[in-house]
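Read the structure below first, then the notes.
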Amino acid sequence: MHAFLIVGNSEERIAYSKKLAAKLKAKILEFPLAKIADTRSLRNITKLAFNAPTAILINSIDEATEEALNAFLKNLEEPQENICYILTAGNLAAVLPTIASRCQVIKTVNSGQRIAYSEDSEKFLEITTGEKLAFIDKIKDRGEAKGFVQNLIEVSHFNLLNSVKTKFKIAMGLEILIKTLNNLKLNGNVQLQLTNMVISLE
């Protein structure tokens, strides 16, 4: 396996990344990956010959844009000699399935026990469209909006795994939520993105 995805809280991910690199006898090369330009820079680096085993560490892969992740897929599909990838994420549900499926997923001790979403997020999915629109009207800050949508993704992912009858509807809603989160990361207008999300969920 040349790619690993470590899921857990920030401290756990850092500690496990170091342990994993030591186990692989690889030096760590930390690289930020948020936008497609970062992916292009990474590709230029990985074209070079690496004489010693190197683990390219990409933290918070769940916060990168979908465009960047789709471009990054090529790196995972075409492994280079002496290079492996260690990716970290706080939330597995927010990682593109095409990325996760190409990695060995490692959940740290507490990652499976963490429930980050609030009761507000759970209730939001059950209220009427009008009530949803009134609720999102109070959200003005981009960080708050991203956090809220992230929580909705976690709720939906949990429901998808535990629901028996409505998996298709939940999966469609999950796709809308992930798209909304990506648009917020790309600096899309907060109120416009949240309004489109509510309308699309109905």
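The values are calculated or read from the model by the stated rules, or taken from the named source; none is laboratory data. Quick caveat, the model's predicted, so the values are computed rather than measured. A quick note on method: Cβ atoms are made from the backbone with ideal geometry, for glycine too, and the neighbour counts reach across all protein chains shown.
Among residues of region 132-153 being part of a loop (DSSP other than H, G, I, E, B) and among the acidic types (Asp, Glu), the one that is farthest from Leu194 (Cα to Cα) is Asp141. Of all residues in region 42-53, none satisfies being under 28 Å from Asn187 (Cβ atoms) and in contact with a Gly (Cβ under 8 Å, 6 or more places away or on another chain).
With a requirement of 1 or more residues that are within 27 Å of Phe148 (Cα to Cα), the strands (runs of 3 or more DSSP E) lying completely within region 1-115 that satisfy it span 3-7, 54-58, 83-89, 104-107. Residues that are crowded, with 20+ Cβ neighbours inside 10 Å, free of Cβ contacts under 8 Å to residues at least 60 places away in the same chain and among the hydrophobic types (A, V, I, L, M, F, W, C) occur in region 183-192; there is at least one.
Note on region 45-66: among residues that are at pLDDT 90 or above and over 22 Å from Leu92 (Cβ atoms), the one that is surrounded by the most Cβ atoms within 10 Å (Cβ to Cβ) is Thr54. Please go through region 1-10 and give me each residue that is touching a Ser or Thr at 6+ places or on another chain (Cβ under 9 Å) and not β-branched (Val, Ile, Thr), ordered by number. Result: Phe4, Leu5, Gly8, Asn9, Ser10. Looking at region 19-28, is at least one residue crowded, with 19+ Cβ neighbours inside 10 Å and within 20 Å of the chain's Cα centre (by Cα)? No, region 19-28 contains no residue that is crowded, with 19+ Cβ neighbours inside 10 Å and within 20 Å of the chain's Cα centre (by Cα). Residue pairs whose Cβ atoms lie under 9 Å apart, separated by 6 or more positions or on different chains, with the first residue in region 122-150 and modelled with pLDDT of 85 or more and among the basic types (Lys, Arg) and the second exposed (fewer than 12 other Cβ atoms within 10 Å of the Cβ) and in a loop (DSSP other than H, G, I, E, B), are Lys132/Glu202; Arg142/Asn187.
In region 8-43, what count of residues is obtained for those that are in contact (Cβ under 8 Å) with a residue 12 or more places away in the chain, farther than 18 Å from Leu92 by Cα and not hydrophobic (A, V, I, L, M, F, W, C)? Within region 8-43, residues that are in contact (Cβ under 8 Å) with a residue 12 or more places away in the chain, farther than 18 Å from Leu92 by Cα and not hydrophobic (A, V, I, L, M, F, W, C) number 9. Please enumerate the residues belonging to region 4-34 that are closer than 23 Å to Glu66 by Cα and either at pLDDT below 90 or among the aromatic types (Phe, Trp, Tyr) (or both). Listed by number, the residues that qualify are Phe4, Val7, Gly8, Asn9, Ser10, Arg13, Phe31, Ala34.
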